[in-house]
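Have a look at the structure below before the remarks.
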Amino acid sequence: MQTQNTQHRHTMPDIPTLSCDVAIIGAGIAGLWTAHRLKQAGFTVVLVEPYAIGAGQTICSQGIIHGGLKYALTGTLSSASESIADMPNIWRACLAGEGVLDLSAAKVLSEAQYLWSTGSLKANVFNFFASKCLKSRVKKVKKDAFPAALQHPAFKGNVYQLNEPVLDIASVLQALATPLQSAILQVDGQKGYQVHYATLASNAPYIDHLSLSSQGRQVRLTANHYVFTAGQGNAQLAEQTAFTSMQKRPLQMVTCTFPAYVQPPSLYGHCIDDGATPRMTVTTHPMPSNPQQVTWYLGGKLAEEGVLRSMDAQILVARETVGNLLPWIDLSGTHWRTICVNRAEPLQPSGQKPDTAHVELQGNICLAWPTKLALSPRMADKILSHLQPLKITGKHSDTRVFQDTLAKLNWPTPRVANLPWESE
Ligand code: FAD
């Protein structure tokens, strides 16, 4: 991506122009959710994607629609857990085709996730779960209803069921991308688009237009407003502005793929010990090439602390952790690999986890990080509440002209990114 300052609007006769109300840069969960919400509100919207849909954090996420309970492990209901509490219901309504967006084509891997302890729970956590405010959201599970992976006589801990679904994230991305189709423009990597800034007397950052290129073709994209939802790419996009800086929280996740002839039990949830971060978070995913074969995707403290280890050392620690926590699971013939990926978020004092979705508006640019997949609906609503009062719908482009131009343009569209365990 390059940036340029444009002093005067000039027309480029050979290059077609596409005009819309809002151009969104980055088609991860944040960009896609925002595009749908703006479209519903009458905005004409274009998404620009240099790689693949959801490449970056979304496709690497564990797909857990947190309601905040994981964040309450310290025994207090923090502002993080409160701001996220509605999210499972908002997503569930969408999955049922009755919510703000239609996610009925997306797959749910598990209706709930579990917290399990290695021994007895620390008293403060136990009391907290038993407290009135959480009773409806956390259920102590009886032995005979334990998830299959924990139904072993050697397992001595407690299990709690959290009313939080786990989603197949590739199917979520596909369900959101399909209706947007030709409005998601693929460009040739970061070199495939240039941001042209204009200089305003007010010094507010103001984008004049974007120049896009793909496979030897070019188009000039003009919009009334521009939304940056490029995840880690936001830092570079916002370089020329005074937006909040970005922090990266690196993770070294681990995948454990079982051989095709083994059907390991599914497991979704967090193993907790005495810390505020789960010792290990496990989600179970069918391999796209052979749905009979499954991968356990491992995160939590294992992934946070794992950034200091080499890949081989991280695999050794992961094998050992699974072996210690779940010694009855047969790991013979399993294939292990690691995935290094950063969480991209607004800078926090002392690098801590942000609690809420972050949205900032300056000039004609909006910068956004959902900070969690689960919080994308909240982030998109914040963007909508910034843009709706500006009454910009139709100002820059008539809907019919926009649709005709888009159809005539017939620009290449990106595919959904590969799941991290899909590519060898
Ligand atoms: P991204 O998903 O990173 O998408 C950015 C998009 O912009 C991509 O399409 C990318 O190709 C494009 N892009 C990148 N660079 C540029 C650039 N320079 N210019 C233009 N476009 C660019 N949250 C949960 O709620 N539940 C979970 O279980 C969960 N698990 C996680 C596990 C891991 C390992 C990680 C890393 C995060 C997890 N999260 C989870 C957090 C969640 O994944 C992110 O908050 C969310 O996906 C961010 O979405 P996004 O669209 O902002 O960014």
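The values are calculated or read from the model by the stated rules, or taken from the named source; none is laboratory data. All values derive from a computational prediction rather than experimental measurement. A quick note on method: Cβ atoms are made from the backbone with ideal geometry, for glycine too, and the neighbour counts reach across all protein chains shown. With ligands, DNA and RNA removed, areas are computed over all heavy atoms of the protein, side chains included. Shrake-Rupley method; radii C 1.70, N 1.55, O 1.52, S 1.80 Å.
Here are a few things to note about the model shown:
- Leading residue by the ranking (nearest to LYS382 (Cα to Cα)) among those in the stretch 198-230 that are within 16 Å of the ligand (Cβ to nearest atom) and of a type in the set (Gly, Ala, Ser): ALA230
- Strands (runs of 3 or more DSSP E) contained in the stretch 232-300 and holding at least 1 residues over 17 Å from the mean Cα position of the chain (by Cα) and of a type in the set (Ser, Thr, Tyr): 246-257, 280-287, 290-299
- Condition met for LEU367 (more than 21 Å from the chain's Cα centre (by Cα), surrounded by 21 or more Cβ atoms within 10 Å (Cβ to Cβ) and closer than 30 Å to ARG217 by Cβ): no
- Tally of residues being at pLDDT 90 or above, hydrophobic (A, V, I, L, M, F, W, C) and either surrounded by 14 or more Cβ atoms within 10 Å (Cβ to Cβ) or over 15 Å from LEU221 (Cα atoms) (or both) across the stretch 391-406: 2
- Filter pass, LEU347 being under 26 Å from GLY54 (Cβ atoms), more than 16 Å from the ligand (Cβ to nearest atom) and either over 26 Å from the mean Cα position of the chain (by Cα) or surrounded by 13 or more Cβ atoms within 10 Å (Cβ to Cβ) (or both): no
- Count of residues meeting criterion [within 16 Å of the ligand (Cβ to nearest atom), surrounded by fewer than 21 Cβ atoms within 10 Å (Cβ to Cβ) and farther than 26 Å from THR222 by Cβ] in the stretch 350-364: 6
- Selection status of GLU305, within 23 Å of LEU167 (Cα to Cα) and within 16 Å of the ligand (Cβ to nearest atom): no
- Residue match in the stretch 40-49 (condition: near the ligand (Cβ under 9 Å from one of its atoms) and over 20 Å from ASN418 (Cα atoms)): no
- Some residue of the stretch 213-229 being open to solvent by less than 10 Å² (accessible area, probe 1.4 Å), among the hydroxyl-bearing types (Ser, Thr, Tyr) and over 21 Å from LEU38 (Cα atoms): yes
- Residue within the stretch 408-415 that is surrounded by fewer than 21 Cβ atoms within 10 Å (Cβ to Cβ) and closer than 30 Å to HIS335 by Cβ present: yes
- Number of the exception - MET280 against (1) surrounded by 21 or more Cβ atoms within 10 Å (Cβ to Cβ); (2) in contact with a His (Cβ under 6 Å, 6 or more places away or on another chain): (2)
- Scanning the stretch 66-85 for residues that are within 13 Å of the ligand (Cβ to nearest atom) and at pLDDT 95 or above turns up nothing.
- The stretch 231-267, residues that are open to solvent by less than 30 Å² (accessible area, probe 1.4 Å), within 30 Å of LEU326 (Cα to Cα) and more than 10 Å from the ligand (Cβ to nearest atom): VAL254, THR255, CYS256, THR257, PHE258, PRO259, PRO264, LEU267
- LYS139 open to solvent by 70 Å² or more (accessible area, probe 1.4 Å), in a strand (DSSP E or B) and at pLDDT below 95: yes
- Candidates are the residues of the stretch 373-390 that are open to solvent by less than 20 Å² (accessible area, probe 1.4 Å) and out of contact with any Lys or Arg (no Cβ under 9 Å at 6 or more places or on another chain); the one that is farthest from the ligand (Cβ to nearest atom) is LEU387.
- Residue that is farthest from the chain's Cα centre (by Cα) [pool: residues in the stretch 178-197 that are within 10 Å of the ligand (Cβ to nearest atom) and among the hydrophobic types (A, V, I, L, M, F, W, C)]: VAL195
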